[in-house]
Ligand code: NDP
Ligand code: 2IT
């Protein structure tokens, strides 16, 4: 079958077999649409059914999570782990706790993770898990009981050489602690089965900052290639979670001015530059909404509705909240206002229509599977440290992160050039990530 016809057939089957899983369809389509030049050159991939195997997870788990709330009432949530592809190493990827979670979200994240982990150059396959549990408004006791119940089932399926989960939306150091404690208790083993652990019990320095810092290192490299720097630039960041906060922190360290942050209710604009100490206290300690920022910063304004954040004029835009948060209209506004670089800190935050707008303009677009790979890269380095039973210094972890982000940027640019679409870093990232997984799948036979 000719490459284009095969791609259409594989995509149609994905839609048919995964009915209603829109985010998964979107992620698969974006990748398949860039792979024709690879299939043209590598007919052996077609014979070995690489594409068909690539879009089908190796294993999908769905399980019941019963837990008791503070009133003694039994509640039931649904848990997921999708072990997508283990060609390059044990399954590796986050856990998301958010009410919007269903199989389609977990599958899209697992699918992206396969390519992202390939780009890091480390030996990690891809997967993702999570639950429709909403940690917002829950007490620490409720979160702990939920995490213990979640891990009571998950522990059957994971292990330091099998599948190593980490955080994502709604899963931070508190949740990783409860999950790790329950795994250790049930299995009677202290191993690196999760990443993002506390520094005293196997965690890596720089993991908390890694996704945000890594994103900015890549933006910096891209600007440098144009003979520019971040110093003096105005930057819009969306989200107010781990990724957003540490992206904002690194931008400020490099002389940029971050003027926005957001959550799912709305966004703040501070013309003087966001004061991160205030935001860290509000979000990390007090678990408050971002609107509380304006009570202590008089020039700052709060606006209801998170999409308005892209109406603020900026030189660099960093979507760091969630999928499909930056649509076609927002993309047009950013381009019209002279935004030169868009770097995805979140997974799939830009809609396909918005990506097309950036590709048709002078705005450089850095896709998430490359630009936010710093988090999982340092997770991989945490696994290395756990195997060695030692801890690296902050300087060493930061240096490795920087090196990996710069290399990924050059790899995806090179792949885009080599496959005839210079500057199209979506195509470059997909192809650079895919070829390594596909060659490994060929080498390992039909499994
Ligand atoms: P957090 O839970 O720390 O923060 C998530 C932020 O995004 C919050 O500000 C949250 O606001 C906002 N948000 C969540 N859902 C929505 C929504 N439906 N609409 C608007 N805003 C929303 O998560 P992270 O910072 O860890 O993750 C952010 C993104 O980065 C995700 O796409 C994640 O997959 C991706 N990512 C995370 C990595 C990691 O290591 N943590 C690594 C690579 C990518 P609110 O409080 O109102 O919900
Ligand atoms: O999307 C991601 O890369 C993550 N949530 C981090 C995964 C990890 O295993 O560190």
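The values are calculated or read from the model by the stated rules, or taken from the named source; none is laboratory data. Predicted model, so just to flag it, every value in this text is computed and none were measured. Because the Cβ atoms are built from the backbone with ideal geometry, glycine has one as well, and the counts that use them run over all protein chains shown.
Summary table
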| read-out | value |
| --- | --- |
| Residues satisfying the stated conditions in segment 239-267, i.e. within 16 Å of ligand 2 (Cβ to nearest atom) and in contact (Cβ under 8 Å) with a residue 40 or more places away in the chain | 239, 241, 242, 243, 244, 247 |
| Single residue of segment 308-332 satisfying the filter (touching a strand residue (DSSP E or B) at 6+ places or on another chain (Cβ under 8 Å) and part of a helix (DSSP H, G or I)) that is surrounded by the fewest Cβ atoms within 10 Å (Cβ to Cβ) | 308 |
| Filter result for the condition that a residue is under 22 Å from the mean Cα position of the chain (by Cα) and without any contact (Cβ under 8 Å) to a residue 60 or more places away in the chain, over 369, 399 | 399 |
| Single residue of segment 273-287 satisfying the filter (part of a loop (DSSP other than H, G, I, E, B) and touching a strand residue (DSSP E or B) at 6+ places or on another chain (Cβ under 8 Å)) that is surrounded by the most Cβ atoms within 10 Å (Cβ to Cβ) | 274 |
| Meets criteria (in a helix (DSSP H, G or I) and away from ligand 2 (no atom under 16 Å from the Cβ)) for residue 342 | no |
| Residue that is surrounded by the most Cβ atoms within 10 Å (Cβ to Cβ), among those in segment 83-107 that are under 20 Å from residue 441 (Cα atoms) and within 14 Å of ligand 1 (Cβ to nearest atom) | 93 |
| Residue 375 being in contact with a strand residue (DSSP E or B) (Cβ under 7 Å, 6 or more places away or on another chain), closer than 16 Å to residue 116 by Cβ and within 16 Å of ligand 2 (Cβ to nearest atom) | no |
| Candidates 435, 447, filtered to the one that is surrounded by fewer than 24 Cβ atoms within 10 Å (Cβ to Cβ), under 30 Å from residue 41 (Cα atoms) and at pLDDT below 95 | 447 |
| Tally, over segment 237-247, of residues that are over 21 Å from residue 409 (Cβ atoms), touching a strand residue (DSSP E or B) at 6+ places or on another chain (Cβ under 9 Å) and either outside any helix (DSSP H, G or I) or more than 10 Å from ligand 1 (Cβ to nearest atom) (or both) | 3 |
| Single residue of segment 210-235 satisfying the filter (within 13 Å of residue 253 (Cα to Cα) and part of a helix (DSSP H, G or I)) that is nearest to ligand 2 (Cβ to nearest atom) | 212 |
| Complete set of residues in segment 288-303 that are surrounded by fewer than 11 Cβ atoms within 10 Å (Cβ to Cβ) and farther than 15 Å from residue 270 by Cα | none |
| Residue within segment 160-171 that is modelled with pLDDT of 95 or more, crowded, with 17+ Cβ neighbours inside 10 Å, more than 12 Å from ligand 2 (Cβ to nearest atom) and within 24 Å of the chain's Cα centre (by Cα) present | no |
| Of the criteria (1) closer than 26 Å to residue 408 by Cα; (2) touching a residue at least 60 places away in the same chain (Cβ under 8 Å), which one residue 202 fails | (1) |
| Some residue of segment 184-191 being crowded, with 16+ Cβ neighbours inside 10 Å and within 13 Å of ligand 1 (Cβ to nearest atom) | no |
| In segment 1-37, residue nearest to residue 104 (Cα to Cα) [restricted to those that are touching a residue at least 60 places away in the same chain (Cβ under 8 Å) and not in a helix (DSSP H, G or I)] | 21 |
